[in-house]
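Here is the structure we will look at.
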Amino acid sequence: MKKLLAAAMLAVAAPVAMTAAAPAALAQKAEGEVTIPAPPPGKGQVLFYRTGGLSGAALGCAVFDVGAEDKLSSLGAGKYFILVSDPGPRSFTVKSLETKDALTLEIEEGETQFVRCKIKTGFMSGRADIGPSTETEFRTKHKNPKLVDADDMSEAVRKTNYPG
């Protein structure tokens, strides 16, 4: 009888406990929100991101300037980085074992543009895909974004994302 009474009390208390925990979970979500700084005077910037997920979770999305051998940064699942740039056209590429994808942007002074990288299903491994995005899409699809580790960035990108 004591076990039955204890189970009934737990069943009644569980919804109350879950309700009490909900505001803490919402507070954590708000804490994870990214503050995007304005670009420096005379510059524009691009925020590259990759949402989390199971598809291609073990693969990185290496971002390069078109024609460059050194990567700007690698995006793991759930990661982002900001690239400050002079205004004007700039082309980027992502590479994987099976494919190469490219995107050209017109960087505007004082503007932040958003670019998402997805890992799509490929024949032997995932295929990196890069495309334009929006701040709204970044904030709704990127629930708990984390900055790319400093050692996964080029020196120029590291200075922007890890000043000092």
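Any read-out appearing in this document is the output of simple, stated calculations on the displayed coordinates, not a laboratory observation. Treat the numbers as computed from the prediction; the structure is a model and nothing was measured. We place every Cβ from the backbone using ideal geometry, glycine too, and count neighbours over all the protein chains shown.
Modelled this way, with points 7 Å down the Cα-to-C-beta line, the labels at Ile36 and Lys141 are 1.4 nm from one another. Modelled spin labels at Glu69 and Ser91, positioned 7 Å past Cα toward Cβ, are 1.9 nm from each other. Residue separation of Thr134 and Glu155 scaled by 0.36 nm, minus their Cα-Cα distance, works out to 5.0 nm of gained length. Too long at a 20 Å Cα-Cα cut-off: which of Lys118/Lys159; Lys100/Lys146; Lys43/Lys95; Lys71/Lys143; Lys79/Lys159? Too far apart for the 20 Å limit: Lys118/Lys159; Lys100/Lys146; Lys43/Lys95; Lys71/Lys143.
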